[in-house]
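To start, the structure under review is shown below, and the notes come after it.
The values are calculated or read from the model by the stated rules, or taken from the named source; none is laboratory data. Because the structure is predicted, anything quoted here is derived from the model rather than measured. Glycine also receives a Cβ, built like all others from the backbone with ideal geometry; neighbour counts cover every protein chain displayed.
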Amino acid sequence: MRGMYIHIPFCHQICHYCDFNKVFFKNQPVDAYIESIGEELAIMKSEGISFEALETVFLGGGTPTSLSEQQLDRLLAIIHEYVDVRSLKEFSTEANPDELTFGKLMVLKKGGVNRLSIGVQSFDAELLTKIGRTHGPDDAARVVGEARKAGFDNISIDLIYGLPGQTVAQWQDTLDKALALELPHYSGYSLIVEPKTVFYNLMNKGKLPLPGEDMETEMFSMLIDQMEQRGRMRYEISNFAVSGHESIHNLLYWENATYAGVGAGAHGYINGTRYSNIGPLTKYMEKTASGARPLQHTHIVTETEAMEEEMFLGLRKSNGVSISSFQEKFGKSLEAVYGETLTALMASGLVEQSNDVIRLTRRGVFQGNEVFQQFLK
């Protein structure tokens with residue numbers, strides 16, 4: 001097992017596009033939940049699950065930085081009980097610009113966190129309000145400066161395009177301000193309207209003015225071109241980095257590697273089984289308190305499913321899928337399993353082969369979902 005994801009479901013404000021497992025921070029049993037994380041780790045260890053080969057730990061949410069300094073310190077202390085943090089290649093946390101105080105940065109640094117993923121989304125004040133964010137356009141530069149003072153150099157920010165009412169000019173302004181920060185890593189995602197979100201309800205009422213498909217494609221093209229012009233190369237469909245600063249944790253997902261998912265609503269992949277944890281906090285905490293893993297759903301991945309995942313996850317990466325690695329992993333040639341599909345995709349100009357690698361063409365990157373669908377039966 002190479003990675004561990006830990007879910008912190010608390011938020012001081014719920015963003016209008018978010019469908020992750022989350023709750024308002026106020027009046028929640030935050031301290032008790034943190035202790036439940038430790039209980040779940042203890043249960044996993046007692047069942048023979050080893051954390052010794054971990055390369056990465058990722059704190060996600062929700063918002064990990066919604067925790068107080070004392071709560072963050074306790075969470076990190078619990079992680080240290082089960083993980084040799086010094087041996088990790090990467091220890092990341094998600095963060096909100098208006099919650100990441102210098103004091104919290106110092107707690108994170110002391111606790112071994114070495115990478116920050118900051119949810120900026122936009123540098124336009126009107127759009128930030130429209131999507132339910134609580135920070136302002138200047139908060140990102142401020143927090144990046146404070147993070148650097150605290151000793152962090154591996155910093156990433158998330159951006160979103162295709163927002164309601166967003167113009168190409170607004171997106172260009174956001175790209176300009178983001179790149180002016182000279183960060184080693186950027187993530188840029190198109191807005192996806194998910195069920196059970198504020199945006200989904202507005203869309204159903206015809207009150208969500210989204211940019212058209214052509215404009216969204218133009219924004220994506222701007223993202224790719226301008227990132228690469230500034231030396232931030234696309235290593236995955238939505239992620240760009242200076243060489244050596246790619247997200248090791250996220251690469252585990254795209255490499256179809258094994259990882260633990262810890263916390264309410266977390267997902268994991270261990271010993272050929274994908275699982276999800278119980279989502280509601282009280283039920284999650286009751287389960288861990290009883291000494292049992294808080295599993296909601298488990299699924300043993302079949303060989304066919306594993307090969308499908310290898311393709312549609314691996315093709316997200318700019319270096320694609322290795323033909324020899326596929327053979328080594330499954331004892332079957334890529335040609336034997338997907339030859340017909342790959343031939344059709346190559347003829348359509350969506351996929352190309354270069355020596356040992358199958359990868360998306362630039363056109364294929366823009367039609368990724370269409371390509372991935374071809375590997376699902």
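Would you confirm whether or not the stretch 318-336 contains a residue that is more than 21 Å from the chain's Cα centre (by Cα) and in contact (Cβ under 8 Å) with a residue 40 or more places away in the chain?
Just the residues of the stretch 318-336 that are more than 21 Å from the chain's Cα centre (by Cα), to begin with: 322-336.
Now narrow it down to the ones that are in contact (Cβ under 8 Å) with a residue 40 or more places away in the chain: none.
No; the residues of the stretch 318-336 include none that is more than 21 Å from the chain's Cα centre (by Cα) and in contact (Cβ under 8 Å) with a residue 40 or more places away in the chain.
Hey, among the residues in the stretch 186-216 that are aliphatic (A, V, I, L, M) and not in a loop (DSSP other than H, G, I, E, B), which one's modelled with the highest pLDDT?
We begin by selecting, within the stretch 186-216, every residue aliphatic (A, V, I, L, M); these are 191-193, 198, 202-203, 208, 210, 215.
Now drop any that are not not in a loop (DSSP other than H, G, I, E, B), which leaves 198, 202-203, 215.
Numbers: 198: 80, 202: 82, 203: 84, 215: 95.
Among them, the one singled out is 215.
Give me the pairs: first residue in the stretch 43-60 and of a type in the set (D, E, K, R), second residue in a helix (DSSP H, G or I) and surrounded by 15 or more Cβ atoms within 10 Å (Cβ to Cβ), beta-carbon distance under 9 Å, and six or more apart or on different chains, which are they?
Cβ pairs passing all conditions: 45/82; 55/248; 55/249; 55/252.
Check residue 74 against each of (1) in contact with a Lys or Arg (Cβ under 9 Å, 6 or more places away or on another chain); (2) surrounded by fewer than 22 Cβ atoms within 10 Å (Cβ to Cβ); (3) modelled with pLDDT of 95 or more and name the one condition it does not meet.
It is condition (1) that residue 74 fails.
Has the stretch 125-138 got any residue that is surrounded by 15 or more Cβ atoms within 10 Å (Cβ to Cβ) and either of a type in the set (D, E, K, R) or outside the structural domain of residue 162 (by TED's automatic domain parsing) (or both)?
Initially, the stretch 125-138 is screened for residues surrounded by 15 or more Cβ atoms within 10 Å (Cβ to Cβ), giving 127-128, 130-135, 137.
With either of a type in the set (D, E, K, R) or outside the structural domain of residue 162 (by TED's automatic domain parsing) (or both) added as a condition, the list becomes 130, 133.
Within the stretch 125-138, one or more residues are surrounded by 15 or more Cβ atoms within 10 Å (Cβ to Cβ) and either of a type in the set (D, E, K, R) or outside the structural domain of residue 162 (by TED's automatic domain parsing) (or both).
Among residues belonging to the stretch 77-115 that are polar (S, T, N, Q) and within 20 Å of the chain's Cα centre (by Cα), point out the one that is modelled with the lowest pLDDT. Give the steps one after another, and end with the answer.
Let us first name the residues in the stretch 77-115 that are polar (S, T, N, Q), namely 87, 92-93, 96, 101, 114.
Then keep just the ones that are within 20 Å of the chain's Cα centre (by Cα); that gives 92-93, 96, 114.
Numbers: 92: 98, 93: 98, 96: 93, 114: 98.
Once the filter is applied, the top-ranked residue is 96.
Tell me which residues, restricted to the stretch 74-125, are in a helix (DSSP H, G or I) and not hydrophobic (A, V, I, L, M, F, W, C).
Within the stretch 74-125, 74, 80, 81, 82, 86, 87, 103, 104, 109, 110 qualify.
Could you please find all residues in the stretch 217-236 being of a type outside the set (D, E, K, R) and not in a helix (DSSP H, G or I)?
Taking the stretch 217-236 and keeping what is of a type outside the set (D, E, K, R), we get 217, 219-224, 226-227, 229, 231, 233, 235.
Hits for the stretch 217-236 are 231, 233, 235.
Please enumerate the residues belonging to the stretch 271-300 that are touching a residue at least 24 places away in the same chain (Cβ under 8 Å), surrounded by fewer than 17 Cβ atoms within 10 Å (Cβ to Cβ), aliphatic (A, V, I, L, M) and outside any loop (DSSP other than H, G, I, E, B).
Residues satisfying the conditions are 289, 300.
Quick check on the stretch 342-361: of everything there that is polar (S, T, N, Q) and surrounded by fewer than 12 Cβ atoms within 10 Å (Cβ to Cβ), which residue is nearest to residue 237 (Cα to Cα)? Give the steps one after another, and end with the answer.
Narrowing the stretch 342-361 to residues polar (S, T, N, Q): 343, 348, 353-355, 361.
Subsequent filtering for residues that are surrounded by fewer than 12 Cβ atoms within 10 Å (Cβ to Cβ) retains 354-355.
Working: 354: 18, 355: 21 Å.
Among residues in the stretch 342-361 that are polar (S, T, N, Q) and surrounded by fewer than 12 Cβ atoms within 10 Å (Cβ to Cβ), the one nearest to residue 237 (Cα to Cα) is 354.
Test of understanding: among 250, 239, 256, which residue is modelled with pLDDT under 95 and either under 29 Å from residue 366 (Cα atoms) or more than 18 Å from the chain's Cα centre (by Cα) (or both)? Give the steps one after another, and end with the answer.
Details: 250 fails: modelled with pLDDT under 95; 239 fails: modelled with pLDDT under 95.
Exactly one of 250, 239, 256 is modelled with pLDDT under 95 and either under 29 Å from residue 366 (Cα atoms) or more than 18 Å from the chain's Cα centre (by Cα) (or both), namely 256.
Which ones in the stretch 254-307 are in contact with a Leu (Cβ under 6 Å, 6 or more places away or on another chain) and either closer than 30 Å to residue 336 by Cβ or of a type outside the set (A, V, I, L, M) (or both)? Don't jump to the end; show me each part of the working.
Within the stretch 254-307, the first condition is being in contact with a Leu (Cβ under 6 Å, 6 or more places away or on another chain), and the residues that meet it are 254, 256, 259, 264, 275.
If the condition is that a residue be in contact with a Leu (Cβ under 6 Å, 6 or more places away or on another chain) and either closer than 30 Å to residue 336 by Cβ or of a type outside the set (A, V, I, L, M) (or both), then 254, 256, 259, 275 are the ones that fit.
Looking at (1) in a loop (DSSP other than H, G, I, E, B); (2) within 30 Å of residue 24 (Cα to Cα), can you tell me which one residue 243 breaks?
Result: residue 243 fails condition (2) only.
Please pick out the residue among 211, 184 that is in contact (Cβ under 8 Å) with a residue 24 or more places away in the chain and buried (at least 20 other Cβ atoms within 10 Å of the Cβ).
The conditions single out 211.
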